[in-house]
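In what follows, a single structure is set out as structure tokens and then discussed.
The values are calculated or read from the model by the stated rules, or taken from the named source; none is laboratory data. Model, not experiment: these values are computed from the prediction. Because the Cβ atoms are built from the backbone with ideal geometry, glycine has one as well, and the counts that use them run over all protein chains shown. What goes into the accessible areas is simple: the full protein's heavy atoms, side chains included, and nothing from ligands, DNA or RNA. Shrake-Rupley method; radii C 1.70, N 1.55, O 1.52, S 1.80 Å.
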Amino acid sequence: LMSENGTFLIGTSGWCYEHWLNNFYPHEIPKSHWFNHYAGLFCTVEVNATFYRFFKDQTYQNWFSKAPASFQYVLKAPKVITHTRCLKNVEEPVGTFCRSMELLGDKFGLILLQVSPRTVYDLDRLEHALRLFDDPSRVAVEFRHPKWFTDDTRNLLNFLGVTFCNAESPEFALNDWLTSDIAYLRLHGRSDWYSYNYDESDLLDIADTAMSMKEGGAKKVYIFFNNDCDGFAPKNALRLNQILNGS
């Protein structure tokens, strides 16, 4: 659900988790209707499945037709781009992936490009890879190694209009980088990866960060909970939605 001006888009990283049965999905809802239930409560989702394999056109067409009108998909770029080839010689897989994105029409929000921690710190390589995408301003980059957190990296993203994926985990705290008019908070958990339950004070803290991003010029703030353990993600996302969107 979005606020009146559509600023805060809150959801989870994926929706198809067996262990969300009974703590998010009512047991009487068949699995084939899980997405409908999800999309009735959230206006966006981050799809991690696209990291692991390429999907047929039919899958993207199904995703498009199943989602409500203003729904936004964020899709994680395939690991062949980021983790196998570490952003080198990726013209062909990037092209294939971008063609798939077009099938989502106006329900395509962003591409999440997660730079492998093994990737060497090379801004030319990063820039070349980002320019391969049809529209670099529709790409968000998540770094998993501290070597990337430099002024030069920040300036490059800013120059290309690329969104910085502000990821929180036991290794990294949220920072104040805003490199485009889109902010992106990705919440893996504070003291534990994926199994951390954000409490009220944590969520108020995240809401403050999101508000300051908006005040800093972000027209949209995507916020995804990736703590899928025990159904924490949808529970935390629904509560943050109440805090930020009053719904």
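Of all residues being touching an Asp or Glu at 6+ places or on another chain (Cβ under 9 Å), assigned to a helix (DSSP H, G or I) and not aliphatic (A, V, I, L, M) in segment 206-221, which is surrounded by the fewest Cβ atoms within 10 Å (Cβ to Cβ)? Just the residue, please.
Per the stated criteria, the residue is SER212.
Return yes or no: is SER13 of a type in the set (Gly, Ala, Ser) and without any contact (Cβ under 8 Å) to a residue 40 or more places away in the chain?
Details: of a type in the set (Gly, Ala, Ser): yes; without any contact (Cβ under 8 Å) to a residue 40 or more places away in the chain: no.
No, not satisfied.
When the residues of segment 20-37 are narrowed to those that are open to solvent by 40 Å² or more (accessible area, probe 1.4 Å) and part of a helix (DSSP H, G or I), which ends up nearest to ASN197 (Cα to Cα)?
Among those that are open to solvent by 40 Å² or more (accessible area, probe 1.4 Å) and part of a helix (DSSP H, G or I), it is HIS37.
Please verify whether THR179 is of a type in the set (Ser, Thr, Tyr), assigned to a helix (DSSP H, G or I) and either closer than 29 Å to ARG131 by Cα or modelled with pLDDT under 95 (or both), treating the condition exactly as stated.
no
Filter segment 144-171 for residues that are outside any helix (DSSP H, G or I), aromatic (Phe, Trp, Tyr) and open to solvent by less than 40 Å² (accessible area, probe 1.4 Å) and give the result.
PHE164
Select from segment 184-205 the residues that are among the hydroxyl-bearing types (Ser, Thr, Tyr), crowded, with 16+ Cβ neighbours inside 10 Å and more than 15 Å from the chain's Cα centre (by Cα) and list them in ascending order.
Correct list: TYR196, TYR198.
Can GLU92 be described as of a type in the set (Asp, Glu) and open to solvent by less than 70 Å² (accessible area, probe 1.4 Å)?
In short, no.
Output the residues belonging to segment 227-237 that are part of a helix (DSSP H, G or I) and either of a type in the set (D, E, K, R) or within 15 Å of ARG186 (Cα to Cα) (or both).
Scanning segment 227-237 gives ASP230, PHE232, ALA233, PRO234, LYS235, ASN236, ALA237.
Name, by its number, the condition in (1) over 17 Å from the mean Cα position of the chain (by Cα); (2) in a loop (DSSP other than H, G, I, E, B); (3) surrounded by fewer than 18 Cβ atoms within 10 Å (Cβ to Cβ); (4) without any contact (Cβ under 8 Å) to a residue 60 or more places away in the chain that does not hold for LEU87.
For LEU87, the failing item is (3).
Out of the residues in segment 58-74 that are out of contact with any helix residue (DSSP H, G or I) (no Cβ under 7 Å at 6 or more places or on another chain) and touching a residue at least 12 places away in the same chain (Cβ under 8 Å), state the one that is least open to solvent (accessible area, probe 1.4 Å).
VAL74
Which of (1) part of a helix (DSSP H, G or I); (2) farther than 10 Å from PHE8 by Cα is the odd one out, the single condition PHE224 does not satisfy?
Of the numbered conditions (1) part of a helix (DSSP H, G or I); (2) farther than 10 Å from PHE8 by Cα, the odd one out for PHE224 is (1).
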